[in-house]
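Below is one structure, written out as structure tokens, with a few remarks after it.
The values are calculated or read from the model by the stated rules, or taken from the named source; none is laboratory data. The structure presented is a predicted model; accordingly, all values stated were derived computationally and were not measured. Cβ sites come from the backbone with ideal geometry, for glycine too, and all protein chains shown count toward neighbours. With ligands, DNA and RNA removed, areas are computed over all heavy atoms of the protein, side chains included. Shrake-Rupley method; radii C 1.70, N 1.55, O 1.52, S 1.80 Å.
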Amino acid sequence: MQVQELLIYPIKSCGGVRVQEALVTRYGLALPSDPRIYDRRWMIVKDGRHLSQRVLPSMALIQPSFVENGLLLRAPNMPDLLISVSPLPKEIMYCHCWDEPILGLRYDDTISHWFRRFFQSNDQIDLVIFDEKQFQTRSSKNKPDFPNVAEDHHVAVYHDVCPIHLCSLESVTNLNTRLEKKIKIYNFRPNIIVTNGSEPYSEDCWRDVDIGQVKLKWISPSLRCLLPTVDQETGIKDSNQEPWKTLRSYRLKPNQYGIKALFGIYLGQFDGSEIISGTVHVGDLINVIRQDLDFWKKL
């Protein structure tokens with residue numbers, strides 16, 4: 001079993017960037033050459049509330065790349081846009097990620113205008129960046145809609161629940177045998193793509209995992225909404241709501257997780273004593289230290 005790909009999504013619900021190695025941090029995967037750039041550190045908001053591909057599937061077409069001191073954004077029929085990470089913006093903005101309050105630093109009107117133009121909207125749309133030095137993170141614990149075993153050191157910034165998301169190629173291959181229109185693993189927007197060399201969905205049972213020299217802890221299964229119905233290459237949502245419908249036909253565990261299907265897993269730092277746990281690489285071997293093989297048998 002090994003790591004096939006690593007992806008960092010610097011802006012929530014926008015394109016991901018493949019990397020050959022990544023720091024595993026309290027806030028998610030980060031760029032080793034510039035740890036200020038990490039997963040979901042940026043977020044696009046409308047009137048302070050986060051936007052996502054569930055509502056605006058064209059967000060998938062906003063493609064960041066890593067440049068010196070920040071991000072370079074490209075999108076169809078738009079000029080390139082540079083987003084700097086230093087100096088940080090000064091204006092503090094009160095935001096919500098889902099229904100949870102969280103702060104951000106708002107970029108200026110030039111940046112806002114670029115997004116409004118791309119979305120062809122007159123709404124108040126802004127880009128914010130999280131500043132871990134002055135803002136409080138969101139706890140991954142005590143999520144009624146996302147039951148989990150998170151500990152005090154497991155936090156999220158602008159992520160949904162937890163900052164590290166893993167999926168396996170074998171599971172997507174199995175799902176595709178049930179779909180008329182095949183999908184790619186990128187619909188699920190994982191940070192770590194693995195090939196497990198065994199049965200599909202075996203990652204459901206992983207609890208403590210070594211990836212290379214980094215130990216990670218299972219937090220919860222990933223509960224799927226409609227976002228994976230968006231093709232990440234075209235920014236178009238599937239008209240038949242696939243693979244969401246098919247996943248709900250065989251991947252439910254309603255007594256624990258309600259009406260949402262399970263696909264992939266959320267992971268967090270094993271030990272919260274350090275902000276950075278280490279570095280993972282494409283090609284790293286995966287060693288499953290502890291499993292719960294009765295996961296699907298439990299009510």
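Pairs under 9 Å by beta carbon, first residue without any contact (Cβ under 8 Å) to a residue 60 or more places away in the chain in the range 57-68, partner of a type in the set (Ser, Thr, Tyr) and not in a strand (DSSP E or B), six or more apart or different chains?
Correct list of pairs: Ile62/Ser13; Pro64/Tyr9; Phe66/Ser33.
Of these, Val45, Val55, which one is assigned to a strand (DSSP E or B), under 21 Å from Asn122 (Cα atoms) and not small (Gly, Ala, Ser)?
Working: Val55 fails: assigned to a strand (DSSP E or B).
Just a single option satisfies the conditions, and that option is Val45.
Every residue, every condition in (1) surrounded by 22 or more Cβ atoms within 10 Å (Cβ to Cβ); (2) part of a loop (DSSP other than H, G, I, E, B), yes or no:
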{"residue": "Ser13", "(1), (2)": "yes, yes"}
{"residue": "Leu29", "(1), (2)": "yes, no"}
{"residue": "Met59", "(1), (2)": "yes, no"}
{"residue": "Pro76", "(1), (2)": "no, yes"}
{"residue": "Leu88", "(1), (2)": "no, yes"}
{"residue": "Met93", "(1), (2)": "no, no"}
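Restricting the search to the range 113-137, which residues are buried (at least 18 other Cβ atoms within 10 Å of the Cβ) and either assigned to a strand (DSSP E or B) or small (Gly, Ala, Ser) (or both)?
If the condition is that a residue be buried (at least 18 other Cβ atoms within 10 Å of the Cβ) and either assigned to a strand (DSSP E or B) or small (Gly, Ala, Ser) (or both), then Ile125, Asp126, Leu127, Val128, Ile129 are the ones that fit.
Could you tell me how many of the residues in the range 235-275 are modelled with pLDDT under 95, over 19 Å from His159 (Cβ atoms) and outside any loop (DSSP other than H, G, I, E, B)?
Within the range 235-275, residues that are modelled with pLDDT under 95, over 19 Å from His159 (Cβ atoms) and outside any loop (DSSP other than H, G, I, E, B) number 3.
Of the residues that sit in the range 239-270 and are within 16 Å of Lys182 (Cβ to Cβ) and within 20 Å of the chain's Cα centre (by Cα), which one is most open to solvent (accessible area, probe 1.4 Å)? Give the derivation first.
Step one: of the range 239-270, the residues within 16 Å of Lys182 (Cβ to Cβ) are 239-247, 263.
Okay, now just the ones that are also within 20 Å of the chain's Cα centre (by Cα), so 242-244, 247, 263.
Details: Glu242: 51, Pro243: 1, Trp244: 67, Leu247: 3, Phe263: 2 Å².
Top of the filtered list is Trp244.
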